[in-house]
There are 2 protein chains.
Amino acid sequence: MNISPLQKARYEYQPKLPGMLRNGVAEICVKEGQPTQSVADQEKIAALFPNTYGKKEITFEKGKNTSKAKKHVVGVILSGGQAPGGHNVVSGLYDALKATNKDNVLLGFKGGPSGLLEDSYVEFTDEFINEYRNTGGFDIIGSGRTKLETVEQFKVVEEVAKKHNLTAIVIIGGDDSNTNAAVLAEYMAAQNTGVQVIGCPKTIDGDLKNEDIEASFGFDTATKTYSELIGNIERDANSAKKYWHFIKVMGRSASHVALECALETQPNICLIGEEVAEKKMSLAQITNYIADSVEKRANNGNNFGVAIIPEGIVEFVPEFGALIKEINELLAGEKTEKFNALPDWAAKYDFIKNGLTKEAFAVFDLLPQGIQQQLFLERDPHGNVQVSLIESEKLFSELVKNELAKRKKAGTYKGKFGAQHHFFGYEGRCAFPSNFDADYCYSLGYNAFMLIQYGYTGYLSKVSNISKPAVEWVAGGMPITKMFNMERRNGEDKPVIRKALVELDGKPFKFFEANREKWAVETCFTFPGAIQYYGPAEVCDLTTRTLALEKG
Amino acid sequence: MNISPLQKARYEYQPKLPGMLRNGVAEICVKEGQPTQSVADQEKIAALFPNTYGKKEITFEKGKNTSKAKKHVVGVILSGGQAPGGHNVVSGLYDALKATNKDNVLLGFKGGPSGLLEDSYVEFTDEFINEYRNTGGFDIIGSGRTKLETVEQFKVVEEVAKKHNLTAIVIIGGDDSNTNAAVLAEYMAAQNTGVQVIGCPKTIDGDLKNEDIEASFGFDTATKTYSELIGNIERDANSAKKYWHFIKVMGRSASHVALECALETQPNICLIGEEVAEKKMSLAQITNYIADSVEKRANNGNNFGVAIIPEGIVEFVPEFGALIKEINELLAGEKTEKFNALPDWAAKYDFIKNGLTKEAFAVFDLLPQGIQQQLFLERDPHGNVQVSLIESEKLFSELVKNELAKRKKAGTYKGKFGAQHHFFGYEGRCAFPSNFDADYCYSLGYNAFMLIQYGYTGYLSKVSNISKPAVEWVAGGMPITKMFNMERRNGEDKPVIRKALVELDGKPFKFFEANREKWAVETCFTFPGAIQYYGPAEVCDLTTRTLALEKG
């Protein structure tokens, strides 16, 4: 095996724990707080979670450990998309478990939730864990997207737990996975299995965030990696002075990633899906907004710039959503066959023109031909348009190009416009975790075992005050049901953790809003550079701009 | 202005000079070596450079500075594509010049060679330079691609030089720019202008390399940045276990970047253009080579992988080159109009089928339709196919997909194949220079002024022994004509620096060749992580694997 010099060096990094967890497991006691309520729909949720609802918030503090001595066998799974720091949650959990009792066992179930269903696992040892400390990726046990949500699945999990004498299961995942962790916890309690369930908040998208979760892990490292690249591209744009770079970043349902990258790099343009939805912006409005920046900059002799586009942006444009709905109708059932039988694109185009409402067709007609064809030709097995395949960075650069051509004809625009396109997603999900994520994740894992040891279930491992140095962090737990509300999902009312969207009256967006007019015209680029794991603390222990602004 | 924490910290970095330049300018003397000869075509090149050919190689050493006291006004330009470290060449040059005499002046001509022709410049001051120390980009004065090669241009440069009393011009650029530096030096000498010309070897492509230039600057930082991303993607691939990632990296005429990235990250596949050309590989052969790896890995249950594709790869495939030639013929002159007038793609396809030779059509027919259309529809102003627009990463993933479909039908392949595509170029050209590039570039600039002070012209600033710690580096100069040979360019024989291609019997390729069979089937990924500027020397002062292997 060939290990990079950085990986070798990172093995030696000792993640920082919250001050109250630094005195050894024998010196950690529980302070119980008030009973909790869900953020909304309290009665419904209380009824659905009779065994786990309304429990007390707890924090840990220095003091004699009064937990019951008991051998623990804990199972852990990684669920959903990769996020930097997952390996540290596992190693923190392992270290706390082994520090408490050498006979305690940690099993890693492989390939995500399906590992738990298929009883595919590995038993962790020091040697095994040591190869993954402070590294990126979820390759320690793999991950997967199977959802644990049905009673049939829970029964299988119960059997597997019984076979291994599991005392607890730790689920590391996003909002859906933690929602499911709470449901599983309730099931296990209702069945008197004695199996506790603890969740850990993961996602680079940053949309698992609320009163109790200041940040999901991985967001810090992923956005720093994207910002490194965006800053490098900005510097290139400002050196060569000949291209507009349209950069798409991950984040389908929320624009936290785009916003954080914008705060770190100060590009000319950054679209925010939540604002587009709130203001019911049209494609033409967005196009004009970007074209205005291009034009003003061109007037100053600057025929270059950088625009950040969140992955899911088109889904936030109301008229685009309406178009997609009509297209899905237009091709529903056997109509697809009829459509496919048409001889060429010209015939298909006529069919579309006749089939869509005037409003929808006007939107359709704005689109570049490549995207028009994509909407009709590449559909999922149910015949639906695959919005996620739309290359929104290319869509907007094309629309802007067309708009500028009009303005050139009209004599208002005299510049040159050349575009380059980029998409950053996979590049950041498995980076070596930043010091912040390494510390935060290790603490989440360590803390998860403290919750297990003290007998809690249906709790989220909670580490807060994380905009401060680690020694001031607060470790504790929160019933997952506290974060619940009822939402309509697939035609059913379900108790779920609400996805956190970018708040248009929140401080990060407000800061962006207050500066973006200037950024759009001037060149205010900032170059964060590569994540540093060593060196001055102000460089290597920085957290996100989002968190810094939110916490004042 | 908002400056990132890393940028602030990097301002404080003091680049390391070669030991012999560390005693202050008063303690640097010249040691002359042997007269030099061009690497080939000595007589022709000697005749073309009567004033600058055959000069002696020189090195600097500790000793009394015996250069003539003289006020220097030096002009500097950045030429061609951005490369990390350009700002450090300028700051090293500035520091040496000011350390010698506070009245010396450094002028930066803006926007590349055109700045010299248009007399667009800035005079550097401490305050100005300090904002650019150890930063990426060429934004300090901008760059450009104008070529300085005609006598008319030289006359303009002569006038501009006279106006500013320039004593020397430093040209920071790639092989073409340094070739032109030598021609300009000869002109200035022949005209008795007293203006010296010094070149500095820049390019992230790594193809400016020879007996005298161990590495061009920027290659180290750019390849480390790409390798960071490739490593992150590898880790993601190995965690999610569901995608093959096809990653294109910059490098049109040589595959040094791809090879270096492969040595750093150990992907399953890396194509090398020089090998494809040497072995006259066909598209089908390359496709099969990749498909074999996909199939073998699938047999082991690994339906994922990483393939690195150099940007210019298709131009190295002989049959593809032949096809392009035929297409250019087929559409030459008025034939384009006839072609464009055909009603639809089916008619155009027939026209193509009838117009190409059987061999060329067979190659054409292999291509995915999108690329077929691109070849015919997107041509440059001369009607030629724009090979550089071909997305080779998508081409090969498409060809592999088709091949795997065949194998699935035949029952030999049973895996799943999903592909993701990436292109890394702009992401690395303006990164903060690694410690190596920061040191190397600063030394090149500092050393360039030593050459100027001692009256040399037509020389390249040469810093060698760079696989060792900086204190052991050797500073000196080499007549640029020593690197010359005659080559056919645009129908004329011209004296030029030869582009360095990947040598198939060189140690870097040999190492790759010895390991790639194993890498193709097993998962031997290595994760270099982000460039570190601080921390353990084995992490932050590493040079490239290419250089390490070349220097044993």
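Scanning residues 5 or more positions from residue B:530 or on other chains, those with amide H under 5 Å from its amide H are A:432, with H placed 1.01 Å from N in the peptide plane.
When only the Cβ of Lys, Arg, Asp and Glu is charged (+1, +1, -1, -1), the dipole of region A:458-527 relative to its Cα centre reaches about 220 debye. Close amide H partners of residue A:331, meaning residues 5 or more places away or on another chain with modelled amide H under 5 Å apart, do not exist here. Judged by the mean number of other Cβ atoms found within 10 Å, the most tightly packed of the peptides A:140-150, A:217-227, A:410-420 leads the ranking A:217-227, A:140-150, A:410-420.
Rounded to the nearest 100, the interface formed by chains A and B buries 4300 square angstrom of accessible surface, both chains summed, with a 1.4 Å probe. Averaged over peptide B:343-350, the number of partner chain Cβ atoms lying within 10 Å of each residue's Cβ comes to 1. Basic side chains Lys and Arg get +1 at the Cβ, acidic Asp and Glu get -1 at the Cβ, and with that the dipole of chain B about its Cα centre reaches some 680 debye.
Within the shell defined by Cβ-Cβ distances under 15 Å, the residues around residue A:8 carry a net charge of -3, with Lys and Arg each +1 and Asp and Glu each -1. Sorted from shortest to longest, the distances between the residue B:194 label points of this copy and the other copies are 9.7 nm, with each point 7 Å from Cα along the line through the beta carbon. Charged neighbours of residue B:119, selected by a Cβ distance under 9 Å, balance to -1 (K, R count +1; D, E count -1). Net charge in the neighbourhood of residue A:35 (other residues with Cβ under 14 Å of its Cβ; Lys, Arg +1, Asp, Glu -1) is +1. Converting phi to 3J(HN,Hα) with the Karplus coefficients 6.51, -1.76 and 1.60 and the offset θ = phi - 60°, region A:474-483 yields 10, 9, x, x, 9, x, 4, 4, 4, 8 Hz in sequence order, with x at every glycine or proline. Peptide A:430-436 shows a mean partner chain C-beta count of 4 within 10 Å per residue C-beta. Of the solvent-accessible surface of chain A, computed with a 1.4 Å probe and all protein chains present, 49% belongs to carbon and sulfur. Between the helical axis of A:392-410 and the longest alpha-carbon principal axis of chain A there is an angle of about 30 degrees. Roughly speaking, what is the centre-to-centre gap between region B:1-60 and region B:298-356 when only Cα atoms are used, to the nearest Å? Here the two parts' Cα centres lie 45 Å apart.
Taking every DSSP bridge with both residues inside the protein assembly as shown, close to 40 percent are antiparallel. Once C-alpha pairs closer than 8 Å and six or more residues apart are averaged by separation and normalised to the residue number of chain B, the relative contact order reads 24 percent.
Hey, got the average number of other protein chain Cβ atoms within 10 angstrom for residues in A:138-144?
Numbers: counts 6, 11, 1, 1, 4, 3, 3.
Averaged over the peptide's residues, the number is 4.
The loop-placed GluC sites (Glu not before Pro) in region A:188-242, going by DSSP, that have at most 10 neighbouring Cβ atoms within 10 Å of their Cβ come out as A:211. Ellipticity at 222 nm from helices only: DSSP H runs of n ≥ 4 in the protein assembly as shown, each -39500 (n - 2.57), divided by the residue count, give -13000 deg cm²/dmol.
Counting only residues 5 or more places away or on other chains, whose amide H sits under 5 Å from the amide H of residue B:144 once H atoms are built in the peptide plane? Those qualifying (amide H under 5 Å, at least 5 residues apart or on another chain) are B:80, B:112.
Computed about its Cα centre, the charge dipole of region A:89-240 is approximately 280 debye, with only Lys, Arg, Asp and Glu carrying charge at their Cβ.
Each residue of region B:514-526 was assigned a 3J(HN,Hα) from its phi angle through the Karplus expression (A = 6.51, B = -1.76, C = 1.60, θ = phi - 60°), giving 5, 10, 5, 5, 5, 4, 5, 9, 7, 9, 10, 3, 10 Hz with x at Gly and Pro.
Counting only protein heavy atoms and a 1.4 Å probe, region A:75-149 has 31 square angstrom of accessible area per residue. Distances between copies of residue A:357, taken at a point 7 Å out from Cα along the Cα→Cβ vector and listed shortest first: 6.0 nm.
Report the Cα centroid-to-centroid distance between region B:205-272 and region B:381-423 in angstrom, as an integer. The distance from the Cα centre of region B:205-272 to that of region B:381-423 comes to 20 Å. For residue B:389, the point set 7 Å out from Cα toward Cβ sits 2.3 nm from its twins in the other copies, listed from shortest up.
Note that region A:333-349 has calculated 3J(HN,Hα) couplings of x, 6, 4, 4, 4, 4, 4, 5, 6, 4, x, 8, 5, 4, 5, 5, 4 Hz, one per residue in order, obtained from phi through the Karplus relation 6.51 cos²θ - 1.76 cosθ + 1.60 (θ = phi - 60°); glycine and proline are x.
The values are calculated or read from the model by the stated rules, or taken from the named source; none is laboratory data. In this text, all values refer to a predicted model and were calculated from it rather than measured experimentally. Because the Cβ atoms are built from the backbone with ideal geometry, glycine has one as well, and the counts that use them run over all protein chains shown. With ligands, DNA and RNA removed, areas are computed over all heavy atoms of the protein, side chains included. Shrake-Rupley method; radii C 1.70, N 1.55, O 1.52, S 1.80 Å.
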